[in-house]
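The values are calculated or read from the model by the stated rules, or taken from the named source; none is laboratory data. Just so it is clear, the structure is predicted and the values come from calculations on it, not from any experiment. Methodologically, a virtual Cβ is constructed for each residue, glycine included, from the backbone with ideal geometry; neighbour enumeration extends over all protein chains shown. For accessibility, only protein heavy atoms count, side chains too; no ligands or nucleic acids. Shrake-Rupley method; radii C 1.70, N 1.55, O 1.52, S 1.80 Å.
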Amino acid sequence: MVDTVLPEHIALVVADSEGTRRLVFSAIDDRRLLIGRSPDCDIPLNTTAASRKHTVLLRQGRSWLVMDLSSTNGTSVRGQRITAPTAVDVGDAIQIGDATITVDGIGPPSTESGAPLLVVDLDQGFACVGAQRLPLSAAELVWFAYLAWNRTRGDGWVDCGRDGHAALRAFATPLLALSWAHELRTQPLADLVRGEDVDDEDLKNLRGKTVQKLKRWCSGENARYEGQLLPERRGRHIGRLPIAAGDVAVVASSAATAW
C-alpha cells in the first residue's frame, strides 16, 4: 500500500494495455463503482475482453463486493470465476481478460453500523443481503426492487393502492424488457406495464406473496434481517423498506432502465 487509505475509501491498482495506475475512490460518494470497456465507467479498461459494462464493486459495511454484470467473458477473483457477489480484501486481484485490478487498500467505515447492505441487481435479476440471495420470483423482485429503489430516495414511502399504479408502471416497464424478466408469470403486473386497467386486489396478492417469502427467509439464522427487509405499512396503502437508505444499493446499468 502506497499511503494510508482514509475512512470510507478504497484504493485500486489497475493494470491493462495502457499501463498501471492507482485510483482511490470514496465510498461516501461512490458506493457503486462500474468497471468495463465503456469510457463512461468509473474504472474504464483498455481490453477487448471486457464488456462495455462488465463488473461492479459495491460497498458492504466494512467490505467491498465484486459482482459480474452478465459479461461475455466473466470476472475472476483470486483466480476463480465468480457466479455470485464475492467479497474482496486487500491484496485480492480481480481479473477481466488481460486486465487486473488489485485491491491496494480499504479504509475503515467512518461510523460503525451493524445493518447489512441490501444489493438489488436489476441487470442480472436478483436481490441479496451479503452473499445470500433472496428467494424472489421475477415479479416479486420487481415489486421488492421498487421498494428498494424508493428507499434510496427520500423517506422511501410509496403508495401501494390504485393511486400508485402510474409510478409502479413507470418503474417496471423498462425492467420487463430485460432477459430475467421473461420468467415473469404474474399477469396483472404485465397488464399494468401494457397500460391496462388493473384491479389493485390482484397486485395486492403479489405484494402479499413477496412479504410472505421475505418472512420465511427472515427466520432462524436470518432473523436479524427482519427489521431491515420486511416492508412497513402506514395506513392502508403505504409501504417502505425499513432498512436505512444508505445501506441499499440498486444496480441498474442496463440501457433498458430509463428511470
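In the stretch 79-96, the residues that are assigned to a strand (DSSP E or B) form Cβ pairs under 7 Å with partners that are open to solvent by 30 Å² or more (accessible area, probe 1.4 Å) and at pLDDT below 90, at six or more places apart or across chains, as follows: Ala87/Ser63. Of the residues making up the stretch 32-62, those that are assigned to a strand (DSSP E or B), within 16 Å of Ile101 (Cα to Cα) and open to solvent by 20 Å² or more (accessible area, probe 1.4 Å) number 2.
Candidates in the stretch 145-163 are the residues that are out of contact with any strand residue (DSSP E or B) (no Cβ under 6 Å at 6 or more places or on another chain), open to solvent by less than 20 Å² (accessible area, probe 1.4 Å) and not aliphatic (A, V, I, L, M); of these, the one that is farthest from Gln228 (Cα to Cα) is Gly161.
Of these, Arg236, Arg207, which one is touching a Cys at 6+ places or on another chain (Cβ under 8 Å) and touching a residue at least 60 places away in the same chain (Cβ under 8 Å)? Exactly one residue qualifies, and that residue is Arg207. Condition test on Gly130, is it farther than 30 Å from Leu192 by Cα, at pLDDT 85 or above and either open to solvent by less than 50 Å² (accessible area, probe 1.4 Å) or of a type in the set (Asp, Glu) (or both)? Criteria not met by Gly130.
Looking only at strands (runs of 3 or more DSSP E) that fall completely inside the stretch 143-259, which ones have 3 or more residues that are of a type in the set (Gly, Ala, Ser) and modelled with pLDDT under 90? Lay out the reasoning, then the answer.
On the way: elements: 232-234, 238-240, 248-251.
Of the strands (runs of 3 or more DSSP E) lying wholly inside the stretch 143-259, none has at least 3 residues that are of a type in the set (Gly, Ala, Ser) and modelled with pLDDT under 90.
Looking across the stretch 15-33, just one residue is out of contact with any Leu (no Cβ under 6 Å at 6 or more places or on another chain), aliphatic (A, V, I, L, M) and at pLDDT 90 or above, and that is Ala15.
Scanning the stretch 39-67 for residues that are over 18 Å from Asp92 (Cβ atoms) and basic (Lys, Arg) returns Arg52, Lys53.
Inclusion of Pro109 among residues that are modelled with pLDDT of 90 or more, surrounded by fewer than 16 Cβ atoms within 10 Å (Cβ to Cβ) and either charged (D, E, K, R) or under 21 Å from Leu65 (Cα atoms) (or both) is not warranted.
What about Thr86, is it modelled with pLDDT of 90 or more, over 17 Å from Ala249 (Cβ atoms) and surrounded by 19 or more Cβ atoms within 10 Å (Cβ to Cβ)? No, not satisfied.
Just wondering, is there one or more residues in the stretch 206-220 that are open to solvent by 30 Å² or more (accessible area, probe 1.4 Å) and in contact with a Ser or Thr (Cβ under 9 Å, 6 or more places away or on another chain)? Yes: one or more hits.
Close contacts from the stretch 56-76, counting a first residue that is over 16 Å from Ala127 (Cα atoms) and without any contact (Cβ under 8 Å) to a residue 60 or more places away in the chain and a second that is of a type in the set (Val, Ile, Thr) and not in a strand (DSSP E or B), with Cβ to Cβ under 8 Å and a gap of 6+ residues or different chains, come to Gly74/Ile82; Thr75/Ile82; Ser76/Ile82.
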